[in-house]
Structures are given as C-alpha cells and as structure tokens.
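Heads up: the structure comes next, in structure tokens.
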Amino acid sequence: MDVRTIGLDLAKQVFQVHGLDEAGAEVVRKRLRRGSVLSFFAGLRPAVIGMEACATAHYWARELRALGHDVRLVPPRYVKAYVRRNKTDAADAAAICEALRAPGLHVVPVKSERQQAVLALHRTRELMVRQRTMTANALRGLMAEFGIVAPQGQAGLSRLVAMVGMDELDIPSEARMALMALSGQLEVLKTQTVALERRILAWHKSDTTSRRLASIPGVGPITASALAASIGDPRTFRTGRHFAAWLGLTPREWSSGMKRRQGRISKRGDGYLRRLLILGALAVMRQDGRIGGREADPWLIELRRRRPTAVAAVALANKMARIAWAVMARNETYRPRPVAAC
C-alpha cells in the first residue's frame, strides 16, 4: 500500500485513519481499535502522519516516530477550516490530511516525556491552588453565617482556621464538624502544594534553560520551568513577536483596505503561560520603581502614565515573552540595558 500522507483522528478507543498517495488520491479509510494502532502503522512504509494537537497526541506522536514515521501535530483551529459538511471522525481525519498538504502550515512541537512530566506537576499544582481558594472561600462564608469574620489575606484565613478548633467557639456541633472538615482540607492542600512546588524548584535548578529564564525580571522558578518545559525548541518561532502572538498577548485584528482595527488581546495559545507572565508583570509593577535592583525602565514608567494598570501589565508581559524567546533561542542569560541617567 503506497500511503504518503495520513490523517489520524485520535480518540479513547476508536481511531480513524485517512490515507492519501503521492498524487493526493484516497487509498485508505479505516477505523482502528486502540490496541491495533501501532501494529497497523508498523506495517506501513514511513509516511507523514498528522494529528490534532490534543490530549494524548504527544504520546502517540512519540510512539509513531519510534516506528520511523514523520509525525506532525496540527493545531485544531487549522484543521477546522478543512472540515466539509458535517463533523465526523472520518471528516476530521480527511481534514487533517488536507491541512498537512497546505503550504505554510505551523505545527506543534512534540513534547518529550520529561517535558510532560514537569508540566504534570504544574497542572496539578494549579488545580490544588484553585481547590485551596474554593475551600478557603467556603470556610469564610460558613463562618460568616455565624457572625465570625476575619480580614482578607492569609493572616485572616489562618485566624479563622485557628478559631475552628477552639472550645470557646459557640456554634452548633454540626456546623463545627463541617468547618473542621474544611480546615483539615486546607491543611492537606497546603502540604501537597508545597511538596509540588519543591519538586518544581528542584527541576528548575537542574535545567539550564529554566535557570537562564529566571534571570528575567518578573520570571521566577514557576514561570521559568513552565516556559522551559512547554517550549522545547524556541526556533519553532521565527521571532519573539511570533512567540508573544502564540501566547495570545497580541491584539486581535479586524483590518480591511487602508483601515486597521485592533482590539483586545487574542488570548490564544497556552493560557497557563500567559497568566504566569501577566502575574509576573504585575509583580514587577508592584516593586515601586525598582526592577531587578536597578531603576525602573523609562518605557515602563511612561507606559504606566498613559495606560491603565491592567493594560500596562499585559504590555509588559508581551515584552517579557519576547525577552524569554531571545534567552532561549540564543542560549544566553538576560542582560538588562543600562538606564540613562536623567
């Protein structure tokens, strides 16, 4: 069977294969059970295999590459444009084939097991931070029902947790039991989050790229390790501006003719990385005129004078993303520009 291009639609149990020959004619349309996927591709000559960059795609890409195939992960947004009529598994597989044959296609780099392992730490930590916030809000809300309130912040929350175990707390036993369950859950989440952060920090210290990224103002071990693990090869992006656009930190555009219209940022790409960079930018802006032990950048000072804080933070996050790309692409440590004396 002379198959040169294959579109593989992934699923949990049933996979759809759509194959084309060198002339672009359909030569195979087949459904495969999960257990027979590797044996099927092992019997084919090396071909270009396209898959949507979704859950489990990196695992299958590594397995198929081990069989000698050229695997390319296509962003789902690019595949959608080639789906004809109704959406089915067969239509999706055919659309992946069409997208592969399109000129100028940008593909997603395949992540290694090491990259996915550290990203699993990040995702789990993010989930536990959200759960901790929800549990803290529930504890505050239930105690407020009995007239017990505390200031915002960690200090106020710690005071509430301490009050739950006091015998002097005059609330019904049923409510006390519920509050003790919430306070115990908070302690468990705190302990697990700290353990995950220690493991992330250990990975950060062992990775050269992550350590270089941490030299950028506003980029700490969490952000640096997430960037290093998510971006295997920075040369996938031609420039830092393309990297910032991939992260969704550039404006949406509706332009026609001589009229150029730009709106809010696109928010495409990896939302987790984008959020970390914006939080880092806000941290830099809270340093009260100091960035990395030197005077604040005049560009940032002027930007904050002209724009609201949130807009300035996004602009600074865009700049940080472009600096991060340069640090990764050139294998260099961040060197701040000297600020001219006024």
Among residues of region 50-100, those that are polar (S, T, N, Q) and without any contact (Cβ under 8 Å) to a residue 40 or more places away in the chain, counted: 2
Test: residue in region 108-120 that is among the β-branched types (Val, Ile, Thr), modelled with pLDDT of 95 or more and part of a helix (DSSP H, G or I): yes
The listed residue being farther than 16 Å from Trp325 by Cα and small (Gly, Ala, Ser), out of Ser183, Ser210: Ser183
Candidate set from region 161-204 (those that are surrounded by fewer than 15 Cβ atoms within 10 Å (Cβ to Cβ) and β-branched (Val, Ile, Thr)); member that is farthest from Gly147 (Cα to Cα): Val194
Residue in region 213-271 that is nearest to Leu282 (Cα to Cα), counting only those that are in a strand (DSSP E or B) and not charged (D, E, K, R): Ile265
Single match in Ala214, Ala228 (criterion: without any contact (Cβ under 8 Å) to a residue 12 or more places away in the chain, in the same structural domain as Arg286 (by TED's automatic domain parsing) and surrounded by 15 or more Cβ atoms within 10 Å (Cβ to Cβ)): Ala214
Test for Thr56: is it modelled with pLDDT of 95 or more, hydroxyl-bearing (Ser, Thr, Tyr) and under 30 Å from Ser225 (Cα atoms): no
Region 35-49 residues that are farther than 11 Å from His69 by Cα, paired with ones that are of a type in the set (A, V, I, L, M, F, W, C) (beta carbon under 8 Å, 6 or more apart): Val37/Phe15; Val37/Trp60; Leu38/Leu64; Leu38/Leu67; Phe40/Val17; Phe40/Leu32
Pair list, Cβ < 6 Å and 6+ apart or interchain, from region 266-280 residues that are polar (S, T, N, Q) to residues that are crowded, with 16+ Cβ neighbours inside 10 Å: Ser266/Gly248
Odd one out for Leu64, checked against (1) closer than 30 Å to Arg235 by Cβ; (2) in a strand (DSSP E or B): (2)
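The values are calculated or read from the model by the stated rules, or taken from the named source; none is laboratory data. What you see is a predicted model, and the numbers here were worked out from it, not measured in a lab. Positions of Cβ are generated from backbone atoms using ideal geometry, with glycine treated the same way; all protein chains shown enter the neighbour counts.
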